[in-house]
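Reviewing the structure listed below.
The values are calculated or read from the model by the stated rules, or taken from the named source; none is laboratory data. Everything numeric here is computed off the predicted structure, so don't read it as measured data. Neighbour counts are summed over all protein chains in view; Cβ atoms, including those assigned to glycine, are modelled from backbone coordinates with ideal geometry. With ligands, DNA and RNA removed, areas are computed over all heavy atoms of the protein, side chains included. Shrake-Rupley method; radii C 1.70, N 1.55, O 1.52, S 1.80 Å.
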Amino acid sequence: MPKDLLKLVFGHDHYRNGQSEIVDAIIAGKDVLAIMPTGGGKSLCFQLPALKLDGVVLVVSPLIALMRDQVAALKALGVNAGALTSGNTDDETDDVFNALEEGNLKLLYIAPERLANLGTQRMLSKLSISFIAVDEAHCVSQWGHDFRPDYLRIGELRKLLNVPLAAFTATADPETQVEIKDRLFDSNDPEIFLHGFDRPNIHLSFSVKNSPRQQVLSFVEARKGQSGIIYCGSRAKCETIAQALRQAGHAAIHYHAGMDADDRRISERRFQLEDGLIVVATVAFGMGIDKPDIRYVIHADLPKSIESYYQEIGRAGRDGEAAETMTLYGADDIRLRRSQIDEGLAQNDRKQADHGRLNALLGLAESRRCRRRVLLRYFGDEIETCKNCDLCDSPPILFDGTKHVRMALSAILRTEERFGAGHLIDILLGKLTDKVKQNGHDQLPTFGVGKEYSKSEWQGIFRQMMGYDLIRPDIERFGAFRMTHTARPILRDEQKIELRKDTIIKEARKTKVKSLVAEEDETLFSALKSKRRSLAEALNAPAYVVFADAVLIEMSKSRPENLDDFSKLSGVGAVKLERYGKAFLEVINGEFVEQHPSRRRLAGKNTGKVFDQLQAKQLELMHGAYGHDKPLVCSASSLAKFAESKPRDMDAIKRLLGEKKAERFGAAFLKILTD
Ligand code: ADP
Ligand code: ZN
């Protein structure tokens, strides 16, 4: 049963949503296209069948660093895997070829650029390959931003080897699906598995930008030691925020396309390996990240569309543990994003579509209801419950804003759509500035009608009007607002509009420290993390290769006392139990009670318990039932054998323990077995 391997090798108790069906389809030899959200657990879907099927699985994956980490992670599980990439040392390559020759390699990771090589093709065609797994399959799409020309060779290779192919991606738009089918499956229909877009462990929240640097700093401060990504709109801002974070005592680096390739690679690697590092980056920081334990993603500036937003926040919490997001937005962001679209070189209909995608994101930012629902509905998904967004946490305060919006629209129209928010607000507030006097705007009927609100309240109203696309800044007129047709029914008083009050009033800063574990477990948790760090450093691999955050969290909660308890933790399989159990138990309990190797082998199994009972019984009967006989003991290995082979009668027991010991312990031991 593949399910047995799930715990034994990978240490997981259950499949995640959808994994089981994909694993079964691959084992049945079908072509598969699986579309799963990031963090859905794609790797397991081809790694588990690799162990079930004869031969080796060929895994094509776009990034060398990620391949190396996956191989390290598999080796830590006791699975024989190797990679052929340009990053290999000669020894590593030799090892891979030796393992291939001996026929005991289960997974062979290969960089796409290797596929062009005829020698590689010849070598592959001599192997017994069970199937080809293609990670990040959307890289075959010529129109996508991750296009890899070498991916186009995979289809050829599949034909050459004549084996099934399983393609995985998190990109689900129908055009990409069609391209994947054409290019990888030669238009044959693979079995398609499409999984929902929801990432329930990611907390969604938006905040109005008022002092962005401070907002970022206090968010990070409350999550000290966690690793996160902070996306910024400009390179300069990445550098200044990273600097500010370092000054505040956080481990932070910046990352953007202006850095040279080597520096970028070093930063990517540091982020991958170091526990708790923060990267302040432009969106150039994306593809290269496969860190499952990113605990938060902050957008210090508004992303460009709802699609980008979804993809960028999706990098948090791939391990399934709680992760957070915070997106800052303000009127300037909206203006900037609008003008980027308008000034771009795209065709008009494309620009329309881009405005639409931005609108969807703004709708999400100004949302009056559960954000998760709004987000998923955009992607065609409906959800039952959320309870994990800022609006579910505390519902927004709404008010009927129709009157205010009509005042603002009237100010815009009476000044012939020639002005931006600053001047319009002066008019509404009845301020006699020079500009107002010069233009005679103090004569307008709108002059001073909005006095009951403050300047910042009006700014909030204008921002929301932009968010609902009632007005748009016009770059040809230096950002002056134009009214859109969406606003017409409101202007004519045919439609009402609700606005949010809570995003207008400056929010009180609340910095509650957020921790992954309860306060009383905090010390143990950080001790476990430092143990994990030293073990990972010895492997030159990321921390999660040793154990995921989730395992350490559970460890600090349940505090296992011995290997039996330890083996029950989700994420602990047989090999990790053997390799790391002792080290972590020492951290938890201060010392480790050494067990006989025969007993250790039985850890977590029912026979382990039987062993303990046999051992206790033996101690009791060591000097015979009345305590005055010559002492007799059975070796640990014979007790283990006894527990495992479960003899049913005295003859069998005699064969196992010998005549004398059978006489003393036989009946009592049998009773333990039958109980
Ligand atoms: P992606 O789909 O983004 O490639 P990964 O394969 O990297 O996701 O898996 C993300 C995380 O989920 C990994 O840390 C992995 O160990 C964990 N994971 C995968 N399957 C399960 C499962 N059935 N139970 C618990 N954790 C799992
Ligand atoms: Zn919600």
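The table that follows gives values for the structure above.
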{"quantity": "Nearby lysines by direct alpha-carbon distance to K646 (threshold 21 angstrom, same-chain neighbours under 8 apart not counted)", "calculated": "K605, K609, K617, K654, K660, K661, K671"}
{"quantity": "Förster radius 45 Å - calculated FRET efficiency between S558 and Y626, Cβ distance, rounded to 0.05", "calculated": "0.60"}
{"quantity": "Gyration tensor (alpha-carbon) shape descriptor, the range 519-594, a/c threshold 1.5", "calculated": "rounded"}
{"quantity": "Cα point-scatterer Debye curve for the range 398-500, base-10 log of I(q)/I(0) at q = 0.11, 0.20 Å⁻¹", "calculated": "-0.29, -1.00"}
{"quantity": "With every protein chain in place, the chain: carbon and sulfur % of accessible area (1.4 Å)", "calculated": "49 percent"}
{"quantity": "Ordering of 647-660, 397-410, 267-280 by packing [mean C-beta count within 10 Å, highest first]", "calculated": "267-280, 397-410, 647-660"}
{"quantity": "Peptide ranges 233-243, 386-396 listed from the most packed, as the mean C-beta count within 10 angstrom indicates", "calculated": "233-243, 386-396"}
{"quantity": "Cα-Cα over 28 Å, subset of K237/K451; K52/K159; K291/K568; K209/K351; K304/K431", "calculated": "K237/K451; K304/K431"}
{"quantity": "Packing-based ranking, highest mean first, of 260-266, 420-426 given that Cβ atoms within 10 Å are counted", "calculated": "420-426, 260-266"}
{"quantity": "Residues listed by number, the range 446-469, amide nitrogen under 18 Å from D493 label point at 7 Å toward C-beta", "calculated": "446-447, 449-450"}
{"quantity": "Pairs of Cα atoms farther than 50 Å apart, the chain, %", "calculated": "28 percent"}
{"quantity": "Rounded accessible area per residue of the chain, 1.4 Å, Å²", "calculated": "47 Å²"}
